[in-house]
Amino acid sequence: MAVKVLDESVGKIVLIKLKGGKTIRGNLQGFDQHMNLLVEQSEEILEEGKTNSLGTIVVRGDNVVIISPPRSGS
Amino acid sequence: MAVKVLDESVGKIVLIKLKGGKTIRGNLQGFDQHMNLLVEQSEEILEEGKTNSLGTIVVRGDNVVIISPPRSGS
Amino acid sequence: MAVKVLDESVGKIVLIKLKGGKTIRGNLQGFDQHMNLLVEQSEEILEEGKTNSLGTIVVRGDNVVIISPPRSGS
Amino acid sequence: MAVKVLDESVGKIVLIKLKGGKTIRGNLQGFDQHMNLLVEQSEEILEEGKTNSLGTIVVRGDNVVIISPPRSGS
Amino acid sequence: MAVKVLDESVGKIVLIKLKGGKTIRGNLQGFDQHMNLLVEQSEEILEEGKTNSLGTIVVRGDNVVIISPPRSGS
Amino acid sequence: MAVKVLDESVGKIVLIKLKGGKTIRGNLQGFDQHMNLLVEQSEEILEEGKTNSLGTIVVRGDNVVIISPPRSGS
Amino acid sequence: MAVKVLDESVGKIVLIKLKGGKTIRGNLQGFDQHMNLLVEQSEEILEEGKTNSLGTIVVRGDNVVIISPPRSGS
C-alpha cells in the first residue's frame, strides 16, 4: 500500500516531514521497509520559503512522519 | 479488530491525530500492520478551523495516536 | 491477565490515559496484543469536566499508559 | 528474578513509579513479561499525601520505571 | 561481559543511574537480559546527600543508564 | 538502496546529522544494517563554522537522522 | 566494522557520549551487540575540565551516541 505509492514516487519530487519539525524536499531515489529513504537534489525547507540545499541524502526511516508527492499547483 | 474498522474506513474520510499534536483529515486509501497509512486529499487541521492542504501522503505508523472516521454531524 | 480484564471490559465504558496527558472515555469494542484499542462513543475528557466528543476511534497501543473500567459511583 | 518478586507480590499492595512522574499504589493482581500490570483498588499518589482513586487499572508495561512492595512501617 | 560484572555484583551494593536523572543505591539481588533489576534495601539519592528509602524494588531495564558497584573510599 | 549509497561513500567525507541537533563530518569507514557508523578524522560542526575535532568515532545508528556525502562546491 | 574498532579499543581509554549530554571517559573492558559497555576507571567529564570519578560501570547500550578512542595529543 504505502509501498506502492512510494514505488510510484521513485524518480519524482517528494516532500518529507521529519520528527522535530524539519521538512525536506527532493527526488526520491529509493526506500526500504524501514522507510529509510534515498533522496537526491534534496533541500531543507526553512521558514519564509527559504531553502538549504542538502544534495544527496540518506534519511533514517524512524525519523519520518509524513512523505508526500507534491501536488500540482503547489 | 482495529484492522476491521480500518478496513471499513478505506475510501472514507478519517481524522488522524499524530504525536506532537498534528491533526490530519483525509481519504484513507490503505494501511498496514504498523498503521502506516496512505491518505489522499489530506489536509492538516490548524487552529481556528484553518486547514493546510497536503494532498496524497504516507504517514509512518509510529507517529499515529488516534484514527477516527468522522461522525455524522461533525 | 491484562487480557482477561480487557476481555471482560469489551462492551463497557473504560477510561484510557495516554502519554502526553490525554484522557479518553468510551465504550471498548476490542483490543489486540499491542493494546491497540477500538473505542466507540468516545470523548476526550478536558479540564473542568468538559468533554470533546470523538466518536469511534482506533487508539495505537504504544500511546496507552493506563486503561481502567470506571468505578461505580465515579 | 524480577518475575519471582512480582509473583510473590500478587495479592499485595505495591508502589509503581511511571515515566513522567506518576506514582500509583494498589493491589497487584497480575503481570506479564512486558511488565503490563493489573492493579486493583489503585490510587494515584499526589503531592502532600493526597490521593486520587483509580479503581482497577491495567498499566502498559513500557511506562513502568520501578515497582516496589511497600515496606513495613512506611 | 556486562553479564559477568553484574553476576559478580549480586549480593553487593550498586549505584544505578536512571533516565530522567534519578540515582538509586541498593543491594543487587538479580537481573535479566533486559537489565531488569531486583534491588533490596534501595534508596534514592537526592541532592545534598539526602536519601529516600525505597526498600525492595524492581527496576524496568529500559530506564537504566549506568550501573556501578560503588568504589572503596566513596 | 541506502546500502548502495553508503557503500559508495566508504572512504569519503560524509555529513551526519544526529537527533538532538549535532552535525558531524568525517571519513566514513564502515556501517552496518542498524546504520551504526565508523567515521575517521571526524569533527563536530558547531555554529559560525567552528569545528570540534573528534578523531575516530563509532556512531550508534539509532541517533542518525540524515547522512549525506558533501556536495562539490559546498 | 564498529565491532572491529570496539574490539581493538578493549583495554584502552575511550570517550563515550550519552544521550542527554553526559560524557564519560574510561578503560573499555568489553561490549556486546547492543553496545552495552563495561568501562573501568571511568569518570564523567564535567564542564570546565572537572571530572567526577565513577569507577567501574556498565553502560546500557541504548544510551550511547558516540564512542571514540581519544586521539593522541588530546
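What follows draws every value from the coordinates through simple rules; no lab data is involved. Keep in mind that this is a model prediction, so the values were computed, not measured. In this analysis, Cβ positions are derived from the backbone assuming ideal geometry, glycine residues included, and neighbour counts consider all displayed protein chains.
I need D:LYS22, E:LYS50 ordered by Cβ neighbour count within 10 Å, fewest first.
E:LYS50, D:LYS22
From the square roots a ≥ b ≥ c of the eigenvalues of the alpha-carbon gyration tensor of the protein assembly as shown, which class results: rounded (a/c under 1.5), prolate (a/b over b/c), or oblate?
In terms of gyration-tensor shape, oblate.
Compute the distance from the alpha-carbon center of the stretch E:18-74 to that of the stretch C:23-37, in whole Å.
Taking the Cα centre of each part, the stretch E:18-74 and the stretch C:23-37 sit 34 Å apart.
Running a GNM on chain A with Cα contacts under 10 Å, which residue among A:VAL39, A:VAL58, A:VAL14 ends up with the highest mean-square fluctuation?
Highest fluctuation of the listed residues: A:VAL58.
So what does log10 I(q)/I(0) come out to for chain B at q = 0.12, 0.13, 0.18, 0.27 Å⁻¹, using the Debye formula with one equal point on every Cα and no solvent?
-0.28, -0.33, -0.64, -1.45
Between their Cα atoms, which of D:LYS4/E:LYS19; A:LYS12/B:LYS19; A:LYS17/B:LYS22 are more than 19 Å away from each other?
D:LYS4/E:LYS19; A:LYS12/B:LYS19
Suppose each label sits 7 Å from its Cα in the direction of the beta carbon; what would the F:ILE13-F:ASP32 distance come out to in nanometres?
Here the answer is 2.9 nm between the modelled labels.
Chain B: which residue's Cβ hugs the B-to-E rotation axis most tightly, distance rounded to whole Å?
In residue-and-Å form, the answer is B:ASP62, 8.
Which of E:GLY30, E:GLY21, E:GLY11 moves the most in a Gaussian network model of chain E with Cα springs under 10 Å?
Of E:GLY30, E:GLY21, E:GLY11, the Gaussian network model singles out E:GLY21 as fluctuating most.
Report the FRET efficiency, 1/(1 + (r/R0)^6), for G:THR51 and A:GLN41, where r is their Cβ-Cβ distance and R0 is 41 Å, rounded to 0.05.
0.30
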